[in-house]
Amino acid sequence: AGNPNQFTTDWLHIENDLNILNSPAYAHQNGKPVICIWGFGFVGRTNTPQKSLEIINWLKDKGYYVIGGVPTNFRTSSSDSYPGYEEVYKAFDMLSPWTVGRYGNTGGIDNYKTQFLIPDYEYCQENGIDYQPVLFPGFAWSNWNSDKVNEMPRDRGEFLWRQMYNIKESGISSAYIAMFDEYDEGTAILKAADSFFAIPTDQYFLTNSADGTYLSSDFYLRLAGKATRVLKGTDPLTETVTIPYSEGPIWFRTSFEKGFDAIIPTNAAMENAENVSNLKVAPVKSEVFRWGSYAVRYVGKSTMASNAHADFPLFDVNIPVNENTKLGFWLYPLNENGRYVSIDLIMTDGTRFKDVNAVDRHTGISMDPATPRGVIDRWNPNLSDIGQWLNGKTIDKICLSFADAPSTEGFNGYIDDIVITDTNDVLGTDAITSIPQITEGKGREVGIYPTFVEDGVIYLNTKDIRGNTPLELSIVNMQGKLVFKKKLMPGSIHSLSIDKLPGGFYIASVIGENVTTNKKIVVK
């Protein structure tokens with residue numbers, strides 16, 4: 001706005017030399033090519049209303065339909081708007097007041113409707129101006145400048161949807177979604193990391209599941225499409241989001257990392273218990289976490305041997321099962337009774353996964369929790385091709401279930417990394433299938449830590465391993481290439497430098513006499 005001549009020179013180059021108006025994709029309104037100018041009148045920018053007006057009129061004289069991205073308070077020329085811009089605002093064919101960050105919850109959205117949305121719409125109607133309000137999915141600068149994490153939560157899409165609902169209910173049929181790809185401000189609707197499994201290895205990243213419910217990577221693209229159809233009148237208006245949280249092929253996955261993943265609801269409690277007391281399940285920071293910083297700890301006590309069972313619902317879901325659907329999870333029993341635990345699935349028709357004679361792909365053992373699984377004091381992968389038994393059904397609940405341990409001793413252990421998917425996802429099911437099942441009696445596990453290697457050093461705890469036979473550490477990348485190999489003696493804690501490895505994901509394995517350990521690590 002400070003230099004109309006510079007603007008017109010630049011635009012003539014775009015118009016004449018680049019010929020963008022000849023593109024069939026170029027937007028038109030009322031038969032006119034559309035141009036949107038953002039920023040006129042904003043406090044903190046150049047205060048030159050006459051020069052702004054000169055640019056608008058120049059474009060309109062050339063036959064353009066001109067939209068103005070204007071301050072929230074354009075109508076009152078206050079707060080974020082300079083005074084003296086009234087004629088500038090009225091010169092636009094359409095006004096689109098900026099709202100990102102102006103509210104952060106449902107109450108703020110509804111207040112905006114009363115104080116701005118409806119009065120702004122009426123103002124535009126009175127002055128013969130089209131009106132296009134802005135809505136946004138959520139906001140946080142933490143991806144950009146380490147500011148507050150998840151500052152304005154997306155609330156499973158309900159934050160965006162409430163804005164759209166108010167717009168449509170007010171009789172407005174047009175809206176601008178901010179933004180398509182601004183990951184740095186946490187407003188992107190473009191595909192994003194769905195969970196902790198998909199975040200970058202060298203920085204924080206706001207995931208779609210950050211509010212504790214699993215949402216697929218394309219959820220907000222699908223939500224934007226649904227909102228568009230509602231605004232156009234081709235789909236009915238509803239008060240809440242109606243699209244599924246995922247349409248596959250990854251239906252659900254969580255590593256229970258707070259602020260990144262689907263998290264067990266705080267009001268979840270033991271159900272269907274018989275001869276079991278005090279079954280408690282919760283994500284905890286643990287030295288035995290398999291991935292990230294958290295694992296789910298389960299603790300309980302059976303009051304009768306071989307005739308006790310209980311469920312602990314972890315998640316309410318709505319997942320259609322097809323012939324390719326798989327369930328994967330990791331179990332770390334801390335005692336013998338802790339091996340009588342599994343993930344059970346309850347279908348909408350009442351069918352239970354534990355009752356359909358399903359088996360683990362690797363071991364062939366039953367997925368029923370009454371069948372003991374895994375080796376004590378180590379992470380044990382579990383993978384079942386559930387589509388073989390549940391094809392055509394819909395999963396309603398994901399539960400942790402305990403059943404029929406051989407004694408009344410307490411049972412406890414950890415579960416981590418639950419995945420339901422139609423494909424072998426590299427950080428979900430692929431990680432499970434790439435690590436061989438360790439059968440009972442194979443031997444002790446070596447501690448490999450940390451999960452995130454930030455300073456180029458990893459530690460191997462072999463203090464509990466006896467004998468004089470060397471152990472061999474191998475590290476392979478996700479393409480299966482061996483990138484590091486080292487022999488070491490058991491009986492101590494080893495510190496090893498791996499600072500020459502590029503940043504990325506790796507599988508570290510330790511093999512020796514009666515020892516087999518595999519662990520996934522991230523090198524920054």
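The values are calculated or read from the model by the stated rules, or taken from the named source; none is laboratory data. Note that the coordinates shown come from a computational prediction; the quantities given were computed from them, not determined experimentally. Positions of Cβ are backbone-derived with ideal geometry, glycine not excepted, and every protein chain shown enters the neighbour counts. Side chains included, ligands, DNA and RNA excluded: accessible areas come from the protein's heavy atoms. Shrake-Rupley method; radii C 1.70, N 1.55, O 1.52, S 1.80 Å.
Tally the DSSP beta bridges in the stretch 1-144 and give the antiparallel ones as a percent, rounded to 5.
Numbers: 3 of 15 bridges.
Within the stretch 1-144, antiparallel bridges account for around 20 percent of the total.
Rounded to the nearest whole Hz, the Karplus-based 3J(HN,Hα) values (6.51 cos²θ - 1.76 cosθ + 1.60, θ = phi - 60°) of the stretch 139-144 follow the sequence 7, 5, 8, 5, 6, 10, with x at glycine and proline. Of the residues Phe312, Gly374, Leu345, the one whose Cα sits farthest toward the positive end of the charge dipole of the stretch 309-376, with +1 on the Cβ of Lys and Arg and -1 on the Cβ of Asp and Glu, is Gly374.
Amide H contacts of Val359 (H built 1.01 Å from N, in plane; Pro and chain starts excluded): Met367 sit under 5 Å, all sequence-distant by 5 or more or on other chains. Electrostatic bookkeeping for Ser77 treats Lys and Arg as +1 and Asp and Glu as -1; over the other residues with beta carbon under 14 Å from its beta carbon, the sum is -2. Each stretch of four or more DSSP H residues adds -39500 (n - 2.57); spread over every residue of the chain, this sum gives -4500 deg cm²/dmol at 222 nm.
Computed with a 1.4 Å probe over protein heavy atoms only, the accessible area of Val523 comes to about 0 Å².
Annotation for the stretch 166-195 versus the stretch 398-427: alpha-carbon center distance of 37 Å. Can you give me the angle between helix 49-61 and the longest principal axis of the chain, using Cα atoms only, in degrees from 0 to 90, rounded to the nearest 10? Relative to the chain, helix 49-61 is tipped by roughly 90 degrees. Residues whose amide H lies under 5 Å from that of Phe484, counting only those 5 or more places away or on a different chain, are Ile475; hydrogens are built 1.01 Å from N in the peptide plane.
Restricting the calculation to alpha carbons of the stretch 321-412 gives Rg and Dmax of 13.1, 39 angstrom. The calculated P(r) of the stretch 152-286, using every Cα pair and 10 Å bins from 0, goes 11, 36, 29, 16, 6, 1 in percent. Cross-link partners of Lys168 among aspartates and glutamates, defined as those whose alpha carbon lies under 17 angstrom from its own and excluding same-chain residues fewer than eight positions apart: Asp110, Asp120, Glu122, Asp130, Glu158, Asp235, Glu239.
Normalised by the number of residues in the stretch 104-211, the mean separation of alpha-carbon contacts (under 8 Å, six or more apart) gives a relative contact order of 28 percent. Of the accessible area of the chain, computed with a 1.4 Å probe over protein heavy atoms only, carbon and sulfur atoms account for 48 percent. Each part reduced to its alpha carbon centroid, the stretch 14-81 and the stretch 304-331 end up 56 Å apart. Once both labels are positioned 7 Å from their Cα atoms along Cα-to-Cβ, the gap between Cys36 and Tyr183 label points is 2.2 nm. A straight line joining the Cα centroids of the stretch 127-164 and the stretch 449-472 runs 46 Å.
To the nearest ten degrees, helix 219-232 and the longest principal axis of the Cα atoms of the chain are 40 degrees apart.
Please give the net charge around Tyr332, taking every other residue with its beta carbon less than 9 angstrom from that of Tyr332, where Lys and Arg add +1 and Asp and Glu add -1. Every neighbour counted, the sum reads 0. In the context of the full set of protein chains, residues of the stretch 100-190 present 44 Å² of accessible surface per residue (probe radius 1.4 Å, heavy atoms only).
Per residue, how large is the accessible surface of the stretch 445-515? Use a 1.4 angstrom probe and give square angstrom. Could you put the intermediate results ahead of the total?
Details: 3920 Å² over 71 residues.
On a per-residue basis, 55 Å².
Rg(Cα) of the stretch 37-83 divided by 2.2 N^0.38 Å?
Numbers: Rg = 11.1 Å, N = 47, 2.2 N^0.38 = 9.5 Å.
Against the empirical 2.2 N^0.38 Å value, I get 1.17 for the stretch 37-83.
So for the chain, averaging the separation of alpha carbon pairs under 8 Å that are six or more residues apart and normalising by length, what relative contact order in percent results? Walk me through the numbers before you get to the answer.
Details: 1203 pairs, mean separation 49.0, N = 524.
With pairs under 8 Å counted, the relative contact order is 9 percent.
Close amide-amide hydrogen proximity is noted between Lys397 and Val317, Ile346, each under 5 Å apart and 5 or more residues distant or on a separate chain (H modeled in the peptide plane; Pro and chain starts excluded). Once the Cα atoms are used to define both axes, helix 158-169 deviates from the longest principal axis of the chain by about 30 degrees.
Which value, in debye to the nearest 20, gives the size of the charge dipole of the stretch 1-140 about its Cα centre, when Lys and Arg are +1 and Asp and Glu are -1 at the Cβ?
On the way: 9 positive and 14 negative charges, 34 e Å.
The calculation lands at about 160 debye.
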